[in-house]
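> One structure, pasted below without further comment.
The values are calculated or read from the model by the stated rules, or taken from the named source; none is laboratory data. Quick caveat, the model's predicted, so the values are computed rather than measured. Cβ: placed from backbone, ideal geometry, glycine included. Neighbour counts: every protein chain shown. Please note that ligands, DNA and RNA were not included when accessible areas were found on the heavy atoms of the full protein model with its side chains. Shrake-Rupley method; radii C 1.70, N 1.55, O 1.52, S 1.80 Å.
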Amino acid sequence: MIRVQRPAREPAVLSKGIAETARWVTDVRAHPAEHRAGSKRVTFDETIYRDPSVKQLLVQAQHGKCAFCESSFAHVSYGDVEHFRPKGGFRQRRRGALRRPGYYWLAYAWENLLVSCELCNRRFKRSWFPLEHRSTRVRGPKGDLSRERPLLVNPAVDDPGAFVTFHEHRAIAVAGTLRGRSSIRGYGLNRKNILTARRRVIDVIDLLVDAIEDLPGDHPKVIKAEGFLRRMTAASEEYSAMVRAYLTQRRISVLSAPSLPGVG
């Protein structure tokens, strides 16, 4: 997971949700018990937040990668426009009861939208949105979201590297932090197929490092290998956070600082 720099200017189409949001705010205030029981439910116009203008900006900002697992998805799926704070309902505990309504007033809020792969969104995160202190949960648009302390890392707000790092191809929590552990679990960052994909990247790195070790530093193959390793650390590349962490580990005994500027 890496930091996502979402464009400050939001797509104009999201303004179409303002009037609808206002109507639902009024309805939830008028019928709070019914909404909490689920007998009345907020409905959403998916064509607004899934509009191509929204998705394209997010995909561009995220370099075509899932905001959570850093997998490139465009060649195998469309990806999902994901609400960091779940719009329809939320769970404090992974297998706990679904509480309604969710953060419905943020359904069309630019600051609440990301693009994720379908597995991170539909199989793992879903409606799970735990807070460090559940009493700070905001239940309406007048609440102060800054009081909440989500246990899931928001890559558009937080520095993911402060909470999640890697030991070889496996994601681990920095200093065992609860937010790191929750995010690894909540986004499925160590699911089997992604571990396999990251392991392949590690194998490529090891081959390149072997070439660098076995040849003189000015050899054309060494220069080419080092350039390739530098490219693998770029934000646009798959699993770049893992690559940076792994190269930092290998540099201690293998790679000299001049070979890989900016890695770490």
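> Taking the Cα centre of the range 46-155 as origin, sum charge times position over the Cβ atoms of Lys and Arg (+1) and Asp and Glu (-1), and report the length of that vector in debye to the nearest 20. Intermediate results must be reported in sequence, preceding the final value.
Values: 21 positive and 10 negative charges, 157 e Å.
Result for the range 46-155 is approximately 760 debye, rounded to the nearest 20.
> Next question. Pop out the carbon and sulfur fraction of the accessible area of the range 121-264 as a percent, whole number, probe 1.4 Å. If you can, show how the numbers build up before the last one.
On the way: 4020 of 7590 Å².
Whole-percent figure for carbon plus sulfur exposure: 53.
> Now for a separate question. Using the Kirkwood formula on the Cα atoms of the chain, what hydrodynamic radius do you get, in angstrom to one decimal?
Numbers: mean 1/r = 0.0498 Å⁻¹.
About 20.1 Å for the chain.
> Which entries of Lys16/Lys125; Lys125/Lys192; Lys16/Lys87 show an alpha-carbon separation above 23 angstrom in the structure shown? Before the final figure, lay out the partial values.
Working: Lys16/Lys125 27 Å; Lys125/Lys192 16 Å; Lys16/Lys87 17 Å.
Beyond 23 Å: Lys16/Lys125.
> Further question: Percent antiparallel among DSSP beta bridges with both residues in the chain, to the nearest 5?
Values: 11 of 12 bridges.
Of the beta bridges lying entirely in the chain, close to 90 percent run antiparallel.
> Among Gln60, Ala109, Ile212, which residue has its Cα furthest toward the positive end of the charge dipole of the chain, with +1 on Lys/Arg Cβ and -1 on Asp/Glu Cβ?
Towards the positive end, the residue furthest out is Ala109.
> Rolling a 1.4 angstrom probe over the protein heavy atoms, how many square angstrom per residue are accessible across the range 38-135? Don't skip to the end; give the middle numbers.
Values: 4630 Å² over 98 residues.
The answer is 47 Å² per residue.
> Next up: When the distances between all Cα atoms of the range 23-127 are binned every 10 Å from zero, what whole-number percent does each bin get?
Once binned at 10 Å, the Cα pair distances of the range 23-127 give 15, 41, 30, 12, 1.
> With no solvent and one equal point scatterer placed on each C-alpha of the range 1-50, evaluate the Debye formula and give log10 I(q)/I(0) for q = 0.33 Å⁻¹, two decimals.
-1.20
> Any idea what angle helix 52-61 forms with the longest principal axis of the chain, computed on alpha-carbon atoms, 0 to 90 degrees, nearest 10?
Between the helix axis and the principal axis of the chain, the angle is about 40 degrees.
> Hey, how many Å between the Cα centroid of the range 1-39 and the Cα centroid of the range 193-233?
Their Cα centres are 46 Å away from one another.
> Also, I was wondering about something else. Please compute the modelled spin-label separation between Asp214 and Asn193, points set 7 Å along Cα→Cβ, answer in nm with one decimal.
Taking the simple label geometry, Asn193 and Asp214 are separated by 3.4 nm.
> If you don't mind, there's one more thing I want to ask. Considering only protein heavy atoms and a probe of 1.4 Å, how much of the accessible area of the range 74-114 is carbon and sulfur, as a whole percent? Numbers along the way, then the final one.
Working: 840 of 1860 Å².
Answer for the range 74-114: carbon and sulfur cover 45 percent of the accessible area.
> Right, something else. Test of understanding: what is the full-extension gain from Ala30 to Thr47, defined as 0.36 nm times their sequence separation minus their Cα-Cα distance? Write out the running numbers ahead of the final one.
Numbers: separation 17, 0.36 × 17 = 6.12 nm, distance 2.67 nm.
Using 0.36 nm per residue and subtracting the Cα-Cα distance, I get 3.4 nm.
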